[in-house]
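Heads up, the thing below is written out as structure tokens.
The values are calculated or read from the model by the stated rules, or taken from the named source; none is laboratory data. What you see is a predicted model, and the numbers here were worked out from it, not measured in a lab. Please note: Cβ atoms are built from the backbone with ideal geometry, for glycine as well, and neighbour counts cover all protein chains shown.
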Amino acid sequence: MSKDILFEIGLEEIPARFIRAAMEQLKDRIAKWLEASRISHNGVSAYATPRRLAVLVKDAAERQEDVSEEVKGPSRKIALDASGEWSKAALGFARSQGVAPEQFTFKELAGVEYIYVTKSSTGIETASLLSEGLTGIVNAMTFPKNMRWGAYDFKFVRPIRWMVALFGQEIIDLTITGVKAGNVSRGHRFLGKETVIAEPALYVEALRSQHVLVDVKEREELILSGINKLAEEKSWKIAIKEDLLEEVLFLVETPTVLFGTFDPAFLNIPQDVLITSMREHQRYFPVFGEDGKLLPFFVTVRNGNAVSLDVIAKGNEKVLRARLQDAKFFYEEDQKLQINDALAKLENIVYHEELGSVGDKVRRIRAIADRLAVKLALPASTAAEVSRTADICKFDLVTQMVGEFPELQGTMGEDYARKAGEADNVSKAIFEHYQPRFAGDAVPSTEAGLVVSLADKIDTIVGCFSIGIIPTGSQDPYALRRQAAGIVQMVLEHQLSISLQEIFAAALEVHESLRSEKHFTPELRINLYEFFGLRVKRLLSDNNVRYDVVDAATAAGFDDIVDVVGRSLALMNAVTGVADFKITVDSLTRVSNLAAKAAEGTVIDPSLLKEEAEQKLYQTWQSIHDPYREALTALHAAEALQILSGLKDAVTGFFDSVMVMAEDEAVRANRLALLSGINADSRLFADFGKLVW
Amino acid sequence: MNFQQMILTLQQFWAAQNCILVQPYDTEKGAGTMNPMTFLRSLGPEPWKVAYVEPSRRPSDGRYGENPNRLYQHHQFQVIIKPSPDNIQELYLDSLKALGVDPLLHDVRFVEDNWENPSLGCAGLGWEVWLDGMEITQFTYFQQVGGIEASPVAVEITYGMERLASYIQDKENVFDLEWVDGMTYGDVFHQPEVEHSTYTFEVSDVKMLFTLFNTYEEEARRAMENHLVFPAYDYVLKCSHTFNLLDARGAISVTERTGFITRVRNLARTVAATYLEEREKLGFPLLKKEGADLV
């Protein structure tokens with residue numbers, strides 16, 4: 001026997017960005033509670049709009065499942081006292097389990113006898129559990145931001161205004177912050193009315209008739225089809241940015257797509273500015289022509305029906321006009337600003353109390369970038385572009401446009417620099433030095449952008465580490481992980497021949513010489529190296545390199561990122577694709593284990609190699625040693641691994657017929673030295689012992 | 001509906017909800033929240049319902065009367081109700097209807113906006129209300145006031161009167177709004193806008209303003225030593241406005257800025273804490289008025 005459960009929490013408008021996660025959370029909590037309560041069901045569906053979070057449980061059993069479980073108590077030794085009576089401990093256990101000692105049985109576990117009781121409980125009515133269960137779920141809900149309201153001592157994402165709680169047609173008795181659950185939900189704020197939900201299965205349709213589409217997917221499809229229809233009719237391309245769609249989806253209960261227009265004269269303002277203004281301020285979708293150029297239209301989604309869309313479009317146009325007038329004003333004012341004057345203003349912007357002004361930061365970026373340019377052996381003309389880019393990379397931070405739209409930093413810098421006559425590469429590099437801005441973003445395409453981006457990011461990381469701002473757990477306010485990952489990504493994608501230590505050294509030297517306070521401890525370098533190590537490992541696992549392969553390859557060092565990535569990928573290929581690679585790995589691991597016993601600095605004496613197999617191994621190793629190292633140096637990882645694998649048969653033959661730990665001390669030392677030599681080579685590639693089969 | 005009718009309509013609407021109507025406070029301030037009828041009265045357990053118009057000065061928004069949307073001084077219509085009633089959103093929407101805004105013909109939305117006033121140690125959660133994409137109201141549940149947890153919670157509704165009027169009257173330029181028939185907003189406020197902008201950006205005596213800030217701060221402290229909450233708070237407001245004038249003049253660097261804000265906040269916190277103490281000494285008299293219109 002089963003009935004459906006409906007639970008709807010009616011709220012004042014929940015922040016759009018929290019809704020999806022809150023909906024999932026409610027669903028998870030209900031599902032977990034049902035499981036823990038042993039109430040069987042046929043699935044939980046979740047719904048959400050700005051004003052409600054809801055779950056519908058199909059076919060929930062009317063009674064809990066019966067259960068019978070054995071509970072283990074104290075051991076016989078403890079349970080019985082000297083006279084064979086039940087001890088205090090045993091009686092306490094009986095009490096805690098709600099049974100009489102007569103019900104105890106003894107059972108052996110690992111040679112010791114323990115008391116057991118078998119508790120069987122007959123499942124009780126689901127209806128009698130729901131009130132407490134749902135209250136517990138509401139109390140347990142967490143949100144990124146909570147609030148209090150009225151005179152209630154209760155925190156939730158927004159005030160709760162109504163609740164529907166039904167088990168079949170029965171109302172579940174439930175009161176939170178003075179709101180008593182019932183069977184009455186509320187429709188669309190303006191188009192709908194209160195509506196009785198006779199039974200859970202009618203929920204979606206009952207609200208539909210009150211102009212609320214509770215199904216998120218349905219609203220999404222409606223918005224998308226509205227936008228697509230408009231695009232088709234008008235031959236537009238409407239850019240649907242996913243996070244904006246997600247937000248709009250949770251701002252409306254009944255979506256109706258409409259469009260408006262703005263004065264084409266505003267198209268003289270850079271496209272990015274117009275798009276940002278429309279998206280960020282107004283939640284509009286920008287409209288493009290077939291040629292990809294921005295058109296003077298916008299698309300928005302109304303929370304309501306198609307009545308008086310013209311009035312709404314006109315209102316939105318008026319708002320946008322004021323916004324774009326501001327943008328135009330900022331754009332024109334900003335162009336009166338000389339780059340040098342802007343740079344002077346950077347001295348007044350505090351970057352970080354302990355790390356000085358933005359002006360200070362820029363001087364460090366310049367000095368680090370110059371050092372990196374030397375390391376990378378850039379030609380003089382490129383190095384000059386690097387220096388100029390570094391000097392002016394932050395000037396747009398003091399422009400009014402960036403003040404209004406911080407996300408346009410770099411974009412405005414590029415535009416204004418070009419207008420001020422800066423070289424094309426330099427202008428472009430101003431934008432690019434922020435790249436990669438997020439996971440999956442492109443890396444800079446210009447060398448100046450690349451080098452300044454490296455310098456900016458390593459300056460931030462070294463600066464923060466030096467004053468104790470080191471990311472822990474979820475704490476990473478300066479997004480240092482993202483910046484380190486950006487450095488790793490840039491080195492890799494541009495195949496830069498620069499090591500992490502060289503990058504650190506450039507930044508540390510500059511910080512030591514330009515900052516009056518010295519905070520550098522020897523651990524700083526170690527911390528930095530470990531921090532980057534984690535980013536490298538992350539990058540590798542993101543590229544589907546197995547965890548043990550990552551560990552094996554990084555154990556041979558990750559200072560040179562191009563090198564470690566090459567080795568990891570080659571190793572991953574071999575592990576998954578080369579037929580008898582396990583034999584190679586086993587033999588190299590064995591070499592490594594024995595090599596650990598070798599005395600340091602023992603030189604191999606070929607004349608002591610008496611047995612054929614050890615001579616063979618020595619010769620094979622000698623023949624591969626140079627080509628192997630050359631392949632490694634040339635970053636031909638796959639080739640190096642192939643050469644190294646050539647040792648396999650000789651090693652196997654060696655272990656099959658040669659006794660390493662020979663009686664003769666000199667012979668033994670010599671054999672160990674041979675293995676140690678081979679191991680030294682193999683460890684340049686990976687610690688093969690870390691691989692798991 | 002002209003500007004004056006809008007004010008009268010809102011006053012009448014909220015008076016009918018048992019709000020007392022007070023008049024604008026006579027000390028310069030940047031927002032209606034800073035009026036002691038909000039800042040102080042939203043503290044503590046006593047119930048409170050009030051509505052008023054607040055001319056609010058934002059020196060850095062001055063545009064010499066040339067910008068159609070930005071003003072040195074604009075008008076807020078402010079409603080404070082403590083504890084926040086359960087039907088407050090519906091009441092608010094009814095007030096829009098009273099102003100002639102039919103939600104069925106428009107797009108009215110509550111878009112998340114969390115409000116903070118660091119210099120007064122205030123924070124709240126709520127929304128900006130959008131009317132066809134235009135922000136017309138700030139709707140906030142106070143969570144903290146003067147650094148003190150708000151309990152019970154007061155709800156604050158702040159109508160941006162010029163924005164709302166420009167929509168209702170369908171005017172592009174704030175100075176074209178009708179205050180009453182035959183008298184525009186510009187007729188009343190254009191000259192002060194020009195003069196205040198000129199004064200703020202070009203004429204104000206920075207040295208004097210710094211001196212005033214220190215003097216006001218000192219006087220606020222002296223008043224606090226004597227447990228005179230309301231006089232002390234007046235000087236806190238003067239500090240705040242003086243700081244805004246200095247800031248608009250570009251006389252305060254970014255580094256110093258934090259320092260000044262901290263000074264004002266510390267004063268505001270002391271005033272808030274002392275206000276609570278003084279009300280407690282009086283036995284929170286408004287709690288005893290149960291059954292009166294206030295509750």
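Only residues that are assigned to a helix (DSSP H, G or I) and aromatic (Phe, Trp, Tyr) were counted across the range A:277-292, and they come to 0.
Residues that are within 10 Å of chain A (Cβ to nearest Cβ) and assigned to a strand (DSSP E or B) within the range B:103-122 comprise B:Val108, B:Arg109, B:Phe110, B:Val111, B:Glu112, listed in sequence order. Could you identify the single residue in B:Pro59, B:Pro85, B:Pro103 that is farther than 29 Å from A:Glu317 by Cβ, in the same structural domain as B:Met1 (by the TED database), surrounded by fewer than 23 Cβ atoms within 10 Å (Cβ to Cβ) and not aromatic (Phe, Trp, Tyr)? Selected residue: B:Pro85, the only one of B:Pro59, B:Pro85, B:Pro103 that is farther than 29 Å from A:Glu317 by Cβ, in the same structural domain as B:Met1 (by the TED database), surrounded by fewer than 23 Cβ atoms within 10 Å (Cβ to Cβ) and not aromatic (Phe, Trp, Tyr).
If you check A:Gly315, A:Gly260 for being touching a strand residue (DSSP E or B) at 6+ places or on another chain (Cβ under 9 Å), within 9 Å of chain B (Cβ to nearest Cβ) and either surrounded by fewer than 23 Cβ atoms within 10 Å (Cβ to Cβ) or at pLDDT below 95 (or both), only one passes: A:Gly315. When each of B:Tyr275, B:Tyr216 is tested for being closer than 29 Å to B:Gly65 by Cβ, at pLDDT 95 or above and more than 14 Å from chain A (Cβ to nearest Cβ), the lone residue that passes is B:Tyr216. Keeping to the range A:375-395, report how many residues are without any contact (Cβ under 8 Å) to a residue 60 or more places away in the chain, more than 22 Å from A:Phe504 (Cβ to Cβ) and assigned to a helix (DSSP H, G or I). Qualifying residue count for the region: 6. For the range A:193-207, a residue qualifies if it is within 26 Å of B:Asp102 (Cβ to Cβ), in contact with a helix residue (DSSP H, G or I) (Cβ under 8 Å, 6 or more places away or on another chain) and either within 14 Å of chain B (Cβ to nearest Cβ) or outside any strand (DSSP E or B) (or both), but none of them does.
Name the residues in the range A:266-296 that are under 19 Å from A:Phe431 (Cβ atoms), within 14 Å of another protein chain (Cβ to nearest Cβ) and surrounded by 19 or more Cβ atoms within 10 Å (Cβ to Cβ), would you?
Matches in the range A:266-296: A:Ser277, A:Arg279.
When A:Asp153 is tested against (1) buried (at least 20 other Cβ atoms within 10 Å of the Cβ); (2) within 14 Å of chain B (Cβ to nearest Cβ), exactly one condition is not met: (1). The single residue among B:Tyr92, B:Tyr167 that is outside any strand (DSSP E or B), facing chain A (nearest Cβ under 8 Å) and either of a type in the set (Ser, Thr, Tyr) or farther than 26 Å from B:Ile261 by Cβ (or both) turns out to be B:Tyr167. Residue count for the range A:300-310 satisfying the condition of being facing another protein chain (nearest Cβ under 8 Å) and either under 15 Å from B:Leu164 (Cα atoms) or buried (at least 22 other Cβ atoms within 10 Å of the Cβ) (or both): 4.
Checking every residue in the range B:22-31 against the condition of being free of Cβ contacts under 8 Å to residues at least 40 places away in the same chain and closer than 23 Å to B:Val101 by Cβ gives zero matches. For the range B:42-78, a residue qualifies if it is hydrophobic (A, V, I, L, M, F, W, C), away from chain A (no Cβ under 14 Å) and touching a Ser or Thr at 6+ places or on another chain (Cβ under 8 Å), and the qualifying residues are B:Val50, B:Phe77.
One residue stands out among those in the range A:330-369 that are closer than 16 Å to A:Phe266 by Cα, in contact (Cβ under 8 Å) with a residue 40 or more places away in the chain and within 14 Å of chain B (Cβ to nearest Cβ): the one that is surrounded by the fewest Cβ atoms within 10 Å (Cβ to Cβ), which is A:Glu333.
Pull up the range A:486-500, narrow it to residues that are among the hydrophobic types (A, V, I, L, M, F, W, C) and in contact with a Leu (Cβ under 7 Å, 6 or more places away or on another chain), then point me to the one that is surrounded by the most Cβ atoms within 10 Å (Cβ to Cβ). So, considering only residues that are among the hydrophobic types (A, V, I, L, M, F, W, C) and in contact with a Leu (Cβ under 7 Å, 6 or more places away or on another chain), the one surrounded by the most Cβ atoms within 10 Å (Cβ to Cβ) is A:Ile487. Taking the numbered list (1) within 14 Å of chain B (Cβ to nearest Cβ); (2) in contact with a Ser or Thr (Cβ under 9 Å, 6 or more places away or on another chain); (3) not hydroxyl-bearing (Ser, Thr, Tyr) in turn, A:Arg17 passes all entries but (2). So is B:Tyr235 surrounded by 19 or more Cβ atoms within 10 Å (Cβ to Cβ) and part of a helix (DSSP H, G or I) or not? Spelling it out, B:Tyr235 is indeed surrounded by 19 or more Cβ atoms within 10 Å (Cβ to Cβ) and part of a helix (DSSP H, G or I). Looking only at the range A:70-93, decide whether some residue is surrounded by 15 or more Cβ atoms within 10 Å (Cβ to Cβ) and either under 20 Å from A:Leu6 (Cβ atoms) or modelled with pLDDT of 90 or more (or both). Within the range A:70-93, none of the residues are surrounded by 15 or more Cβ atoms within 10 Å (Cβ to Cβ) and either under 20 Å from A:Leu6 (Cβ atoms) or modelled with pLDDT of 90 or more (or both).
For A:Arg29, the stated conditions hold: it is surrounded by fewer than 22 Cβ atoms within 10 Å (Cβ to Cβ) and out of contact with any Cys (no Cβ under 7 Å at 6 or more places or on another chain).
Yes or no: the range B:45-54 includes at least one residue that is at pLDDT below 95, out of contact with any Asp or Glu (no Cβ under 9 Å at 6 or more places or on another chain) and among the small types (Gly, Ala, Ser). Among the residues of the range B:45-54, not one is at pLDDT below 95, out of contact with any Asp or Glu (no Cβ under 9 Å at 6 or more places or on another chain) and among the small types (Gly, Ala, Ser), which makes the answer no.
Take A:Lys375 and tell me if it is touching a helix residue (DSSP H, G or I) at 6+ places or on another chain (Cβ under 8 Å), away from chain B (no Cβ under 11 Å) and buried (at least 18 other Cβ atoms within 10 Å of the Cβ). For A:Lys375, the condition - touching a helix residue (DSSP H, G or I) at 6+ places or on another chain (Cβ under 8 Å), away from chain B (no Cβ under 11 Å) and buried (at least 18 other Cβ atoms within 10 Å of the Cβ) - is not met.
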